[in-house]
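Structure first, then comments.
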């Protein structure tokens with residue numbers, strides 16, 4: 001209902017607090033700046049973890065995800081046409097199919113160019129970092145570009161199937177940054193800007209009304225005129241992202257949550273080792289007060305000086321905690337290896353040894369990538385596909401793209417989970433050829449090379465229609481080659497007959 005954004009936001013914040021408390025705990029042992037404590041400001045002191053292995057892991061995993069979901073210089077989606085419609089348009093003619101594919105490729109390149117023009121990779125990378133640590137993040141794509149909101153800046157409600165029902169964003173502005181028409185709706189005035197540091201909260205609400213998304217903004221329970229808007233039901237400008245989707249829950253769970261025990265244990269042991277090492281590094285000279293050596297002479301004597309005293313009167317303080325620190329260091333190494341595996345760091349996950357083969361590295365990397373299958377499926381539905389649809393809607397409205405029929409042409413994601421499955425098929429095909437090669441030509445002769453080439457191309461994400469020759473075309477080429485060879489032999493025979501002497 002209009003005029004109740006603040007009350008609804010405060011009510012839904014109670015459901016969000018349990019996720020927010022966990023997010024702050026996870027951030028405190030990884031990257032604290034991602035989710036600060038409530039009430040923080042620019043002068044708040046930030047806690048620094050004793051171990052950086054988790055922070056490095058977050059950066060590494062976020063980079064891997066961005067490269068897998070949005071590879072550079074490559075489209076992460078393709079435009080698919082309904083098969084029956086495509087047959088009607090082309091009549092089965094491969095040349096017409098190529099023309100249709102070329103036109104759709106222009107659309108793909110235009111969308112990718114718009115994405116790069118709006119510099120979307122930076123906010124997407126920040127979103128992935130938040131998802132790994134806190135499990136939730138909100139992206140908003142508007143006319144001014146992409147804007148991100150951490151979990152403490154928005155609330156969301158979903159139905160039991162996970163479909164979004166409403167989203168409310170809370171933004172805080174200083175009085176000086178507000179337009180005059182918005183400032184007039186508040187209890188402040190322009191004269192208060194110099195002495196008041198209290199921010200003004202503006203709420204943006206998105207909700208479903210029939211077959212459309214409706215939106216408006218409020219300040220102090222008053223709707224701001226001119227902020228009303230509507231969007232198609234399948235093209236909302238917001239994307240509440242989750243790392244893992246839990247049935248019946250409005251918010252997602254973080255990647256760090258599954259390994260929080262190891263990260264906390266590593267943090268505690270790292271602190272203990274640092275404290276022990278600091279105590280061991282202290283250089284204290286103990287002088288026997290009952291001896292003949294004067295402590296002032298020891299303290300003031302320069303290097304190489306000669307003073308009166310006895311050697312038994314002086315000794316250095318020792319901690320004698322080397323064995324205990326060794327046990328702690330061994331446990332730290334085991335924890336670091338497990339955490340490196342959790343964040344898909346191949347270097348930290350490999351065993352120590354000089355004989356680590358390339359095949360072992362490849363298999364380990366593939367096993368690590370397999371753990372992202374569920375994450376790819378969630379991000380494909382909640383990030384990649386909505387992002388493409390929103391960009392296409394904006395570009396169509398701005399006359400940068402032609403109007404495409406939605407029931408005929410649809411974007412399909414070709415990276416992430418889809419690329420992971422095709423990559424496994426490609427590896428199996430390559431392993432088959434490697435296994436058959438030592439057996440000789442007879443074993444390779446049993447393989448249908450034409451079908452194998454087609455499957456390899458599909459595994460690489462290529463459109464194989466018209467790309468390779470079919471059996472009939474191969475037979476025609478072989479017949480033409482035999483005919484040309486026969487003609488060359490006849491011409492050679494004729495040339496030899498002319499060159500022979502007459503009897």
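The values are calculated or read from the model by the stated rules, or taken from the named source; none is laboratory data. Fair warning: this is a prediction, and the values are worked out from it, not measured in the lab. Virtual Cβ from ideal backbone geometry, glycine too; neighbours counted across all protein chains shown.
Side notes on the structure shown:
- Among the residues listed as 124, 164, 168, 132, the single one being surrounded by 17 or more Cβ atoms within 10 Å (Cβ to Cβ) and closer than 25 Å to residue 220 by Cα: 168
- The set of residues from segment 289-321 being more than 30 Å from residue 274 (Cα to Cα), touching a strand residue (DSSP E or B) at 6+ places or on another chain (Cβ under 9 Å) and part of a loop (DSSP other than H, G, I, E, B) comprises 291, 293, 294, 309.
- Residue match in segment 150-169 (condition: touching a helix residue (DSSP H, G or I) at 6+ places or on another chain (Cβ under 8 Å), more than 20 Å from residue 386 (Cβ to Cβ) and assigned to a loop (DSSP other than H, G, I, E, B)): no
- Scanning segment 228-250 for residues that are touching a strand residue (DSSP E or B) at 6+ places or on another chain (Cβ under 7 Å), within 23 Å of residue 389 (Cβ to Cβ) and not in a strand (DSSP E or B) turns up 228, 233, 236, 237, 243, 250.
- Test for residue 221: is it at pLDDT below 90 and surrounded by 17 or more Cβ atoms within 10 Å (Cβ to Cβ): no
- Which listed residue is more than 22 Å from residue 142 (Cβ to Cβ) and at pLDDT 85 or above, from 198, 214, 271: 271
- Hey, residue 281 over 20 Å from the mean Cα position of the chain (by Cα) and outside the structural domain of residue 339 (by TED's automatic domain parsing) or not: no
- Against the numbered list (1) surrounded by 11 or more Cβ atoms within 10 Å (Cβ to Cβ); (2) over 30 Å from residue 163 (Cα atoms); (3) modelled with pLDDT of 85 or more, residue 298 comes up short only at (3).
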